[in-house]
Amino acid sequence: MPELPEVEVVRAGLAPAVHDATVASVTVFDERSLRRHPGPSEDFTDRLIGRTFTSAMRRGKFLWLPLKPPPSERVLSEIQENGATSATDVVRHAATADQSPEFPTEALVVHLGMSGQVLLRAPGAPDDRLTRIRIGLSTPAHGTLFMNFADQRIFGSMAIDELVPTADGQPGGCGSALPLVPRSVAHIARDPLDPAFDDRRFFAALTTRRTGVKRALLDQALISGIGNIYADEALWAARVHYDQQTNTLSRARAKLLLAEVRAVLAKALTEGGTSFDAQYVNVNGASGYFSHSLSAYGQQGKPCPRCGRPIVREQFMNRGSHFCPHCQRLRVVTV
DNA sequence: CGTTGGCCCTGATCGC
DNA sequence: TGCGATCAGGGCCAAC
């Protein structure tokens, strides 16, 4: 259930380790984790070996590591003349010989899905359970590291994808000023913590749409980064029923809801992300969650922290919706 | 075209 | 002790 705060914790933990790190090895244990990769696992491996990451970026729940352009033909022939003993050698050589300031053109795209984890491990560390892909890194800051992608339910994935310019010219996401985004992430809206998030456009969409507000909050093409947990939390904080039609929300209520979305995400972010049943583990492998401070999600039967009446759980959109029937009433409005 | 329902996927947990 | 049933839900796509 990693949502924006959890993915951001992973991104922030990954960033210093992957900066200028070169891929020395790739092991794919389960090809299903490459479902979103356009090609066989050999293609994934071949395109990654010897490449160097520049940074770690995130938009909503999507994470990506831009790749420096591969060495030019000229550099490759130089290497052939001088000899190289490893892929790391090749890229080291390329970095010094090929001073091209080119933008990255592709990236390793990571989505954690329901249960994905990215774990950084030193050589010789015990295997992480359910590791589907292991990427060996040669890093300037930490020497050799392994980046393990573990995923129980295999809803998550890794893929290499082309980077395309952002529509608004703003940075593609959090973590770098690079105004690029993977093609497969381009349709994902900016998240509400992104400085380039367009509030007015969001409000306008709410008045246009004919759907329930929780469905809208979970629509990553409208606003990204929110999952089932923080949707329930933000709706509880704003006292809005999950199935309230978006076009019946007053502008003031919509503004309050967006503010509560931001507050809930920011709070979780400062506490290191929320995690349940050890499904979510941060980049170092430590579980970081603060489920005790959840007001609605998973609190069915417990008293509403605001009014004391029991929180109720209902099925909605094939997931659980937790809310206070007293504080969050469905308002039927004639428009 | 906007909206909606269904499907993917497996380990942990629970009850008998 | 063993085993089957149940549960978790993000993202995508077909269908309406």
Legend entry - Residue that is more than 16 Å from DNA strand C (Cβ to nearest atom), more than 26 Å from A:Asp219 (Cα to Cα), at pLDDT 70 or above and among the small types (Gly, Ala, Ser), where the choices are A:Ser100, A:Ser86, A:Ser72, A:Ser77: A:Ser72
Legend entry - Cross-chain or 6+ apart pairs with Cβ under 7 Å, the stretch A:24-35 first and under 15 Å from A:Ser138 (Cβ atoms), then among the hydroxyl-bearing types (Ser, Thr, Tyr): A:Ala24/A:Thr88; A:Ala24/A:Ser138; A:Val26/A:Thr45
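Go through A:Ser157, A:Ser138 for me and flag whichever is buried (at least 19 other Cβ atoms within 10 Å of the Cβ) and touching a Lys or Arg at 6+ places or on another chain (Cβ under 6 Å).
Working: A:Ser138 fails: touching a Lys or Arg at 6+ places or on another chain (Cβ under 6 Å).
The unique qualifying residue is A:Ser157.
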Inset, instruction - Looking for whichever is over 22 Å from A:Ser115 (Cα atoms) and either hydroxyl-bearing (Ser, Thr, Tyr) or modelled with pLDDT under 95 (or both) here; the options are A:Thr131, A:Thr166. Which one fits? - result: A:Thr166
Legend entry - Residue under evaluation A:Ala177, criteria (1) away from DNA strand B (no atom under 16 Å from the Cβ); (2) aliphatic (A, V, I, L, M); (3) surrounded by 20 or more Cβ atoms within 10 Å (Cβ to Cβ); (4) within 20 Å of A:Glu8 (Cα to Cα), criterion not met: (3)
Inset, instruction - Please go through the stretch A:185-222 and pick out each residue that is buried (at least 17 other Cβ atoms within 10 Å of the Cβ), assigned to a loop (DSSP other than H, G, I, E, B), of a type in the set (Val, Ile, Thr) and within 13 Å of DNA strand B (Cβ to nearest atom). - result: none
Inset, instruction - Look at A:Leu178 and say whether it is of a type outside the set (Val, Ile, Thr) and either part of a loop (DSSP other than H, G, I, E, B) or within 13 Å of DNA strand C (Cβ to nearest atom) (or both). - result: yes
Inset, instruction - For residues that are within 14 Å of DNA strand C (Cβ to nearest atom) and free of Cβ contacts under 8 Å to residues at least 24 places away in the same chain, tally how many sit in the stretch A:181-218. - result: 2
Legend entry - Subset of the stretch A:1-56 that is within 16 Å of DNA strand C (Cβ to nearest atom) and acidic (Asp, Glu) - its residue that is nearest to A:Leu178 (Cα to Cα): A:Glu8
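So is A:Leu119 surrounded by 18 or more Cβ atoms within 10 Å (Cβ to Cβ), at pLDDT 95 or above and aliphatic (A, V, I, L, M) or not? It would help to see each step written out before you state the result.
Values: surrounded by 18 or more Cβ atoms within 10 Å (Cβ to Cβ): yes; at pLDDT 95 or above: no; aliphatic (A, V, I, L, M): yes.
Taking the combined requirement at face value, the residue does not satisfy it.
Just checking, which of A:Tyr289, A:Tyr242 is in a loop (DSSP other than H, G, I, E, B), within 30 Å of A:Thr131 (Cβ to Cβ) and either modelled with pLDDT of 95 or more or within 16 Å of DNA strand B (Cβ to nearest atom) (or both)? Break it down stepwise before answering.
Numbers: A:Tyr242 fails: within 30 Å of A:Thr131 (Cβ to Cβ).
Within the list A:Tyr289, A:Tyr242, the selection yields A:Tyr289.
The values are calculated or read from the model by the stated rules, or taken from the named source; none is laboratory data. For clarity, every value in this text was computed on a predicted model and none was experimentally measured. So basically every Cβ, Gly included, is an ideal-geometry build from the backbone, and we count neighbours across all protein chains shown.
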